[in-house]
Amino acid sequence: MRMTTAAVAAATMKNNEGNNSNEGDEDHDDNSQRNRWRNEHPYRPDFGAKDVDAKADGAAETAAGGTERQPRTYRASCFCGRVTYLARGEPLDSKLCHCRGCQLLHGAPFEWVSIFDKSDVRFDDRSSLDYLYFYSSELDRGWDSDHAADRVLPCKVSCSHCRAPVADEGRNMWLAFATLFQFESVNRIPPAFRHACHLFYGQRCINIRDDRAKWVGHKNRSPKWDDDGPKGSS
Ligand SMILES: [Zn+2]
Ligand SMILES: [Zn+2]
């Protein structure tokens, strides 16, 4: 049954690639429900409506030094390259999270996120969608890309092939794991991607001195430290 479902979903995907409409097939009611997320932000092939159309991203990528007011776009790719997407404009905020959950889910000392509105993210390479895996840490439940229609937000998004974490998906926001963008060197990281603060610093496994605010837990809802600990702030 699993094979049959996957095969039907694959056939639908092929149809949808040539033509975004779901016309024609009796099985599409079921499939369109299951594949609904593919045509919603951030998984749509286009950015959300703003003053920029779908072509703007290409123009912005190639118009080095141009004076147009096209927002810059940033390309993210997982380790194996099967999952790739574009983010438009500068992130709204960037931070490091040192909570125990992030340590376990990333296999890393902390998580680095840069936050975008979902409408500023697009999956232009549609084959990436076939390699997405979604996981709710609250429910301890996962969905693969063929069975994603009823996934619960927020969830973790990862590559089902290389298992690299890709993003935290909230209801409106896309918390991009900034390590997936190709900045080439630390000196070329745009300012808006640099972390403005640390979250859950009380659970850290390394000490960091970087002159950024360090919240012991949630931002604005826990004591704030500076580089020297609790004495520096309220
Ligand atoms: Zn991958
Ligand atoms: Zn965390």
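The values are calculated or read from the model by the stated rules, or taken from the named source; none is laboratory data. All figures in this text were calculated on a predicted structure; none of them were measured in a lab. With ideal geometry, Cβ positions are generated from the backbone for all residues, glycine too; neighbour counts draw on all protein chains shown.
A count restricted to the range 146-171 and to residues that are within 16 Å of ligand 1 (Cβ to nearest atom) and under 18 Å from Lys118 (Cα atoms) stands at 6.
Apart from one condition, Arg171 fits all of (1) exposed (fewer than 14 other Cβ atoms within 10 Å of the Cβ); (2) touching a His at 6+ places or on another chain (Cβ under 6 Å); the exception is (2). Does Ser158 count as within 29 Å of Leu86 (Cα to Cα) and hydroxyl-bearing (Ser, Thr, Tyr)? Judged against the criteria, Ser158 is a match. In the condition set (1) modelled with pLDDT under 95; (2) in contact with a Ser or Thr (Cβ under 7 Å, 6 or more places away or on another chain), Gln70 is compliant with all but (2).
Each residue in the range 145-155 was checked for being surrounded by fewer than 21 Cβ atoms within 10 Å (Cβ to Cβ) and under 15 Å from the mean Cα position of the chain (by Cα), and 2 pass.
Restricting Ala64, Ala49 to residues that are more than 28 Å from Asp144 (Cα to Cα), assigned to a loop (DSSP other than H, G, I, E, B), modelled with pLDDT of 85 or more and not aromatic (Phe, Trp, Tyr) narrows the list to Ala49. For the range 127-144, filtered to residues that are under 15 Å from the mean Cα position of the chain (by Cα) and free of Cβ contacts under 8 Å to residues at least 40 places away in the same chain, the residue that is surrounded by the most Cβ atoms within 10 Å (Cβ to Cβ) is Phe134. Scanning the range 193-225 for residues that are in a loop (DSSP other than H, G, I, E, B) and among the hydrophobic types (A, V, I, L, M, F, W, C) yields Ala196, Phe200, Cys205, Ile206, Ile208, Val216. Filter the range 106-126 for residues that are touching a residue at least 60 places away in the same chain (Cβ under 8 Å) and of a type in the set (Gly, Ala, Ser); which is nearest to Arg44 (Cα to Cα)? Of everything passing the filter in the range 106-126, Ser119 is nearest to Arg44 (Cα to Cα).
Taking the condition more than 16 Å from ligand 1 (Cβ to nearest atom), in contact with a His (Cβ under 9 Å, 6 or more places away or on another chain) and modelled with pLDDT of 95 or more, does Ala178 pass? Explain how you work it out, then say what you get.
Details: more than 16 Å from ligand 1 (Cβ to nearest atom): yes; in contact with a His (Cβ under 9 Å, 6 or more places away or on another chain): yes; modelled with pLDDT of 95 or more: yes.
Yes, satisfied.
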